[in-house]
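The values are calculated or read from the model by the stated rules, or taken from the named source; none is laboratory data. Since the model is a prediction, treat every value here as computed from it, not as a measurement. Using ideal geometry, Cβ is built from the backbone for each residue, glycine included, and neighbour counts are taken over all protein chains shown.
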Amino acid sequence: MKGFIIKEFLHIFRDLRTMLILFGMPVVQVLLFGFAITNEINHASIAILDQAKDEVSMKITDKILSSGYFDLKAVLTHPDQIEAAFGEGVIKEVVVFEPGFGRKLEKEGKANMQIITDASDPNTANLLYNYTSGIVRDYSREMMENKTPPMQISIESNMMYNPELKGVFMFVPGTITILLMLVSAMMTSISIAREKELGTMEVLLVSPLKPFQIIIGKVLPYILLSFTNAVVILVLAFTVFGMPINGSILFLLLESILFIVMALSMGIFISTVSQTQQQAMLLSMFVLMLPTILLSGFIFPIENMPLPLQILSNIMPSKWFIIIVKSIMIKGLGITYVWKETLILLGMTLFFIGLSVKKFNIRLG
Amino acid sequence: MSNGAVILQNISKSYKTVKALTEINVSIAKGELFGFIGPDGAGKTTLFRILTTLLNPDSGTATVEGFDTVKNYKSIRNIAGYMPGRFSLYQDLTVEENLSFFASIYNTTIEENYHLIADIYKHIEPFKHRKAGKLSGGMKQKLALSCALIHKPEVLFLDEPTTGVDAVSRMEFWEMLKKLRSQGITILVSTPYMDEAALCDRVALMQNGHVMTIDTPNAIINAFPVKIYAVRSNRMFHLLNDLQSIPETEAVYRFGDVVHYLSHSKTFDPLSITRHLDSLSHTEITVNQSVPTIEDSFMLYMRKSDKFNISQHDN
């Protein structure tokens, strides 16, 4: 068994193509997505609706405008003007202070402001909100140092046009899913099919190795490598895009391992029905990759699909994994919210492991 | 020979459209070097796959060291060494890595059984850090044999081990097999090369899924019923057809760069060949009596089974 695992690692590390797919592709994919979706803000056009016009609101406005990220395009005087301001399509954000902002902060220790963003470009909207609220928080922290009663500026975020922020950061859960699927399922199915093609499977079968030993020997290296991959993607997502990980990282990694094992067991299943590497590759492509991309909700929202496809999407393991990753990373939810999806994945994993052990032929043909 | 190392009884196997093996009965003794001789498509590989538990026969039973190939396949997998037709090595692993991998799947190590493979492995040991894919055919063959031997098998199955290997390496390889036999390992070899039959203790001549005869190479040659005349002339192209037209002809076939002529008449006079060819304006005619070989026997058996098949069709 140990010898088998060592051998499998040697196969992987000796094959340049495998190494490129394993480690080159995730980095390239994530970076491609990263640069395709702008994450830098430079001179974004904003408008200010200051209904207080007092010392504090002016100071905050100054701070926002002097940050260099924003250009003041309009000064509004009435909430009715907000919609019209966005309508022209130039202004991406409106910062609103409530009437008597500074006074309320002084007396009640609490004041409200609102950041309204144009979420038709959800990524930019999110970034603008994060930048602006960051500046405001900085300011309130400075203020708090010399004031004894704690003061709080509560910021209300308001997304225009696309309030649920569909599509925002979708690419990270989607990319993780696709890459793990590709690396895990395709790579294992190809590596088993290669043994069949080169005839080494004959020798393995004639040896005392049991089917589960061959399968584990094949799969274990890929679990480790896929896991490394998942971590690389998460680190890139976090550092390059500022993708939040609001939930538990440990929980996210555990769910990733579950999904990896699921994908691997699918890969083994594919290899049991294909005789050559090419067959295994094509099967992985058509059975795994395309449905993952098209039906998982990665690119096309499932709600917009015709009913038959919506039903079909339920048997896509990737759909459930994307829901889990989104819930953990973006919404910061825990197991109590995604136990159903986790159970579905677990069920699928057991199903495919059972199927492949059963289908794994102890003889030829 | 009921206590043979390998026993096949009435083994038949068909694929979708082809009957690969028909009613095979062979018994091989412990420590024997046994050859299955036959051209491609004779059923040799199917036979080896049944014996190595890779395929189940449609009917009949086979045992290896007393273990049934269907029911006790796990026991056979512990004691059999198998070298498939294509050298099944990992091309991207080095010589040493291949060997230690195959040792590890049998829970042993190179060091533990080094003495078994020393004779063979020492030829390739200088290249132990070279990838298996970069070895020559002869070296691949030696490595594959070492891998099949590393777990000290009791029975060794070698499926066409000399195909695609140069003549010198082939001779070396048979020398190694002789040494292995002297260590008490039962060895089953298949080969399409008739000249290798003489190197086996006993052989089975196979054709179209049938075993035509089983005996020692000498007995097969001694049993050859008629005289063989090796014929040459200046018109080799026409020679086959022209010889067919002699009335006493049993068989005519190419044999290397001559044509072998067999007559069914006991009183056949070789001078009649010369006279006949002369009348058909052949020149530079030579007719020499030739010692029968396994290949001659094979041709004769093939003719017999063909005639048999034809008469069966007529019924």
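Just a few scattered comments:
- Some residue of the stretch B:124-134 being under 21 Å from residue A:202 (Cβ atoms), free of Cβ contacts under 8 Å to residues at least 40 places away in the same chain, within 13 Å of chain A (Cβ to nearest Cβ) and buried (at least 17 other Cβ atoms within 10 Å of the Cβ): no
- Answer residue from the stretch A:162-198, given it is among the hydroxyl-bearing types (Ser, Thr, Tyr) and modelled with pLDDT under 85 and is surrounded by the most Cβ atoms within 10 Å (Cβ to Cβ) among those: A:184
- Any hit, the stretch B:71-85, residues being touching a residue at least 12 places away in the same chain (Cβ under 8 Å), within 7 Å of chain A (Cβ to nearest Cβ), surrounded by 15 or more Cβ atoms within 10 Å (Cβ to Cβ) and among the aromatic types (Phe, Trp, Tyr): yes
- Checked against the criterion of being under 27 Å from residue B:206 (Cα atoms) and either of a type in the set (Gly, Ala, Ser) or surrounded by 14 or more Cβ atoms within 10 Å (Cβ to Cβ) (or both), the candidates B:281, B:272, B:290, B:265 yield just one match: B:290.
- Flag if residue B:55 is closer than 30 Å to residue A:7 by Cα, part of a loop (DSSP other than H, G, I, E, B) and touching a residue at least 40 places away in the same chain (Cβ under 8 Å): yes
- Residue check: residue B:165 meets all listed conditions (1) under 17 Å from the mean Cα position of the chain (by Cα); (2) aliphatic (A, V, I, L, M); (3) more than 22 Å from residue A:198 (Cβ to Cβ) but one, namely (3).
- Condition check for residue B:104: polar (S, T, N, Q) and facing chain A (nearest Cβ under 8 Å): yes
- Subset of the stretch A:96-109 [of a type outside the set (A, V, I, L, M), at pLDDT 85 or above and closer than 22 Å to residue A:130 by Cα]: A:97, A:98
- Of all residues making up the stretch A:320-365, the number that are charged (D, E, K, R) and either within 14 Å of another protein chain (Cβ to nearest Cβ) or touching a Gly at 6+ places or on another chain (Cβ under 6 Å) (or both): 1
- Candidate set: the stretch B:58-70, residues that are farther than 14 Å from residue B:5 by Cα and not in a strand (DSSP E or B); chosen: the one farthest from the other protein chains (Cβ to nearest Cβ): B:58
- Cross-chain or 6+ apart pairs with Cβ under 7 Å, the stretch A:73-95 first and modelled with pLDDT of 80 or more, then among the polar types (S, T, N, Q) and not in a loop (DSSP other than H, G, I, E, B): A:73/A:45; A:91/A:45; A:92/A:45; A:92/A:117; A:92/A:124; A:93/A:117; A:93/A:132; A:95/A:132
- Number of positions in the stretch B:11-55 that are closer than 22 Å to residue B:73 by Cα and within 14 Å of another protein chain (Cβ to nearest Cβ): 15
- When B:150, B:117 are screened for being more than 14 Å from chain A (Cβ to nearest Cβ) and crowded, with 23+ Cβ neighbours inside 10 Å, only B:117 passes.
- Boolean, residue A:64 is β-branched (Val, Ile, Thr) and under 23 Å from residue A:141 (Cα atoms): yes
- Checking each residue in the stretch B:69-110 for being under 25 Å from the mean Cα position of the chain (by Cα) and among the aliphatic types (A, V, I, L, M) picks out B:70, B:76, B:79, B:80, B:83, B:89.
- Restricting attention to the stretch B:246-303, the residues that are small (Gly, Ala, Ser) and not in a loop (DSSP other than H, G, I, E, B) add up to 6.
- Within the option set A:159, A:201, being more than 14 Å from chain B (Cβ to nearest Cβ) and either modelled with pLDDT under 85 or buried (at least 17 other Cβ atoms within 10 Å of the Cβ) (or both) holds for one residue only, A:159.
- Flag for residue B:142 being surrounded by fewer than 24 Cβ atoms within 10 Å (Cβ to Cβ) and of a type in the set (Lys, Arg): no
- Residue-level analysis places residue A:196 among those that are under 22 Å from residue B:50 (Cβ atoms), part of a helix (DSSP H, G or I) and in the same structural domain as residue A:258 (by TED's automatic domain parsing).
- Residue match in the stretch A:211-219 (condition: at the interface with chain B (Cβ under 7 Å from one of its Cβ atoms) and touching a residue at least 40 places away in the same chain (Cβ under 8 Å)): no
- In the set (1) modelled with pLDDT of 90 or more; (2) surrounded by 15 or more Cβ atoms within 10 Å (Cβ to Cβ), the condition left unmet by residue B:5 is number (1).
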